[in-house]
Amino acid sequence: MMNKTNVYHSFELLDINTYAQNEIIHLLVIYRPPYSPGHRHTVSKFISEFSTLLEIALLAPGHLIISGDFNIHVDDMDCNDAANFLDLINSLGLVQHIRGPTHEKGHTLDLVITRAADKCTSDFVVDHKMPSDHCAIHFMSNNMKPSPKKLTKSRRIFSGIDSDTLRVHISEALSAINFVTDSSGLAFSYHEAVSKVVDCLAPIRSSKVSDKPRAKWFNPQMLVDRRYLRQLEIRMKKSKDVTAVTDVTVDDITSLISKMAAKSCDLDAIPTLSSQTKRGSFCTNFD
């Protein structure tokens, strides 16, 4: 769940709460742009605004994880801005976990911060193989994934019944019916006879299945459309002919997408071949 937060001028913020096994993970993703003519906010102002954010975040329930690109050289012991930033972190009982360079110029800019007494993260890895001037930071969250609910579902499998076998069983069952009775009794006897045949050839089978929660934007109509597309896919695989699904048009796909409810984030259009050479072609806009 994304939270609405105060407006901060010196940095960008994504504030998210996740819930797992009755535990809350409060994730703050920070991006502090470096000082530039278009972003005239000093590190001192960032520390002041970041301190205000921490005062609010530390009072909130749950495990606090702060990550992002801070653009502060915390590895430089002679940097006053870095020293002031780390003093703020330490004074509030927080700890910064990343060690070593995370940028191609050799400085530690990308950080992960948690409460010092909170053991909600582990196994920090700085990945230098990414095609970017920044490294990727990998770590494990020690919170358990919620266990899916188990449901018992019962079904009959009719597809394996041979037509000749079914005909023989029904004939034998009907031959045992006493037809010297009224219409109600005859209907009841017929129902009982056919039910015994069904129970014999297609007995009820029960199985445990996982009841996985659906995304909020997934609606019943999308489930119907997805089943329809799967049927077309099966038809194509059996026939090994692409023309088996030629009745699916661009309008069908567009209609399916339009039925999706609004989500918390939207993806930009896939870049064209000419734009793939530009850095940052793939991006995500959060509402």
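Any idea of the accessible area per residue across region 132-229, 1.4 Å probe, to the nearest Å²?
Ligands and nucleic acids excluded, the result is 78 Å² per residue.
Given an 8 Å cut-off on Cα distances and at least 6 residues of separation, report the relative contact order of region 1-140 as a percent.
18
Would you work out the relative contact order for region 111-230, in percent, from Cα pairs under 8 angstrom that are 6 or more residues apart?
The value is 27 percent.
Please state the shape class of region 99-156: rounded when a/c is under 1.5, otherwise prolate if a/b exceeds b/c and oblate if not, all from the C-alpha gyration tensor.
Oblate shape, in that a/c is at least 1.5 and b/c is the bigger or equal ratio.
Starting from the Cα-Cα distance between Ser258 and Ser184, subtract it from 0.36 nm times their residue separation and give me the gain in nm to one decimal.
21.4 nm
Suppose each label sits 7 Å from its Cα in the direction of the beta carbon; what would the Met236-Ile177 distance come out to in nanometres?
Reported label-point gap for Met236 and Ile177 is 4.7 nm.
Classify region 73-126: rounded, prolate or oblate, from the alpha-carbon gyration tensor (a ≥ b ≥ c, eigenvalue square roots; a/c under 1.5 rounded; otherwise prolate if a/b is larger than b/c)?
The shape class here is oblate.
Under 5 Å between amide hydrogens, which residues at least 5 positions from His63 or on another chain qualify, with H placed 1.01 Å from N in the peptide plane?
Residues meeting the criterion, in which the H sits 1.01 Å from N, are Ile24, Ile25, His26.
Of Lys150/Lys212; Lys105/Lys129; Lys153/Lys237; Lys212/Lys237; Lys149/Lys208, which ones are farther than 19 Å apart at the Cα?
Lys153/Lys237; Lys212/Lys237
Keeping the other protein chains in place, figure out the carbon and sulfur percent of the accessible area of region 1-84, with a 1.4 Å probe.
Carbon and sulfur: 54 percent of the exposed surface of region 1-84.
Show which aspartates and glutamates lie in cross-link reach of Lys119 when reach means a straight Cα distance below 18 angstrom and same-chain residues fewer than eight apart are skipped.
Glu23
Which parts of region 58-85 would a label at His97 reach, counting a residue when its backbone N lies under 17 Å from a point 7 Å out along Cα-to-Cβ?
Under cut-off, by backbone N: 62-70.
The values are calculated or read from the model by the stated rules, or taken from the named source; none is laboratory data. Everything numeric here is computed off the predicted structure, so don't read it as measured data. Neighbour counts run over all protein chains shown; Cβ positions are idealised from the backbone, glycine included. Surface accessibility is based on the protein's heavy atoms, side chains included, excluding ligands, DNA and RNA. Shrake-Rupley method; radii C 1.70, N 1.55, O 1.52, S 1.80 Å.
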